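The values are calculated or read from the model by the stated rules, or taken from the named source; none is laboratory data. None of the values given here were measured: they were computed from a predicted structure. All Cβ positions, even for glycine, are placed from backbone atoms using ideal geometry, and neighbour counts span all protein chains on display. We work out accessible area using only protein heavy atoms, side chains counted, and drop any ligands, DNA or RNA first. Shrake-Rupley method; radii C 1.70, N 1.55, O 1.52, S 1.80 Å.
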Amino acid sequence: MATRRARTTLFLFLLLSAPSLQAAEPPALVNYQGVLRDAEGLPISGTEDMSFTFFSAAVSGEEILIDRHTAATGAPVTVDDGLFRVALGGGALADGSGPGVYTDLAAAFRDFGELWLAVEIAGETLSPRIQILSAGYALNADHLDGRNADFFLDTSGSPQEKTGQIIASGGIDFGGGPSDDLTAADVKMLTSGANADALHVHGPADATTLDGLDSPAFLRSNASDSYSSGTLTFGSSTTLRARGTLSADGELYLNQDGPDGSQYLYFFENGKSEGEYLRWNDGLGRFDVSDDLSIGGDVTVSSGGSISLDGELELGAATTDDRIVFDAAEWL
């Protein structure tokens, strides 16, 4: 085989197609053509193994993608009187050693604004690398109908903020099933029957109800002295925690609807896991205090306990039934 030398003029351009009435997916191919000569400058004819490697820089850089057109891959390049043409991206594609995984040109052009092509023919790598340049109208690829890409919503998971109204005459789908759709009828319901041809906030008067309930039916965190009406219901396993003051202008009911049972009010000191309590003892029909004071038909103090009074102790109407008993002795 004749010895090769640096090749003469090499051409690189994008394949363009005439516009059509229906949008089509562009081919992930780039047309590459050149002239191949031997050491004496004579044009070569036949088939040649060629490999095309895309790099992120003119020298060194990251190896992005490799496109092989060889006899081993079943598609060597035909050279006719020195001229050859290759559809880059149409050979045996392999991911390069650089970061990411790239198996087609579209992904490489999407992620890299600058790509350099290294050409290898019959084991000889040409130098220098060739920078892939834009075709004229491709310079406008960042715009659609004159608008920058930032104007449009995309399907990424990143939060997006757009100005102006979003008009969805067919509804908005939030998932895979029909129950996840937001239709024009749903918007009318949410806006109290207001116009639903665009999704936007209507007046404050349209936002006073939720699920058919008026706003006074909900708890509020505003600082005004306003109250919610009706009954606030929690499930049996629900806990209501108040870090501040819990204030009730009316009555406080414990276990109002039953079933019967003992009910507690607990009081905790800082740093203690167990608190003192005031309990209604449903079995004995009396109030108990955790420090052994029980109040019912009788007042009983357990052994070692005491009763301290800052005022007077009054025993009924001073009848013979009113007495104080110490062990077995009675004091009238």
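Yes/no matrix, rows are residues, columns are (1) modelled with pLDDT of 95 or more; (2) open to solvent by less than 20 Å² (accessible area, probe 1.4 Å); (3) in a strand (DSSP E or B); (4) touching a helix residue (DSSP H, G or I) at 6+ places or on another chain (Cβ under 8 Å):
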| position | (1), (2), (3), (4) |
| --- | --- |
| 52 | yes, yes, yes, no |
| 57 | yes, no, no, no |
| 60 | no, no, no, no |
| 64 | yes, yes, yes, yes |
| 68 | yes, no, yes, no |
| 71 | yes, no, no, no |
| 75 | no, no, no, no |
| 78 | yes, no, yes, no |
| 94 | yes, no, yes, no |
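Please work out which one of (1) of a type in the set (Gly, Ala, Ser); (2) within 30 Å of residue 167 (Cα to Cα); (3) at pLDDT 65 or above is the condition residue 247 fails and give its number.
For residue 247, the failing item is (2).
Would you point out which residue out of 123, 136 is without any contact (Cβ under 8 Å) to a residue 12 or more places away in the chain and loosely packed, with under 10 Cβ neighbours inside 10 Å?
Being without any contact (Cβ under 8 Å) to a residue 12 or more places away in the chain and loosely packed, with under 10 Cβ neighbours inside 10 Å holds for just one of 123, 136, which is 136.
Tell me, please, whether a residue that is on the phi < 0 side of the Ramachandran plot, acidic (Asp, Glu), open to solvent by less than 60 Å² (accessible area, probe 1.4 Å) and in a loop (DSSP other than H, G, I, E, B) can be found in the stretch 140-152. Give the steps one after another, and end with the answer.
Taking the stretch 140-152 and keeping what is on the phi < 0 side of the Ramachandran plot, we get 140-144, 147-152.
Cutting the leftovers down to acidic (Asp, Glu) gives us 142, 150.
Checking the rest, the ones that are also open to solvent by less than 60 Å² (accessible area, probe 1.4 Å) come to none.
There is no residue in the stretch 140-152 that is on the phi < 0 side of the Ramachandran plot, acidic (Asp, Glu), open to solvent by less than 60 Å² (accessible area, probe 1.4 Å) and in a loop (DSSP other than H, G, I, E, B).
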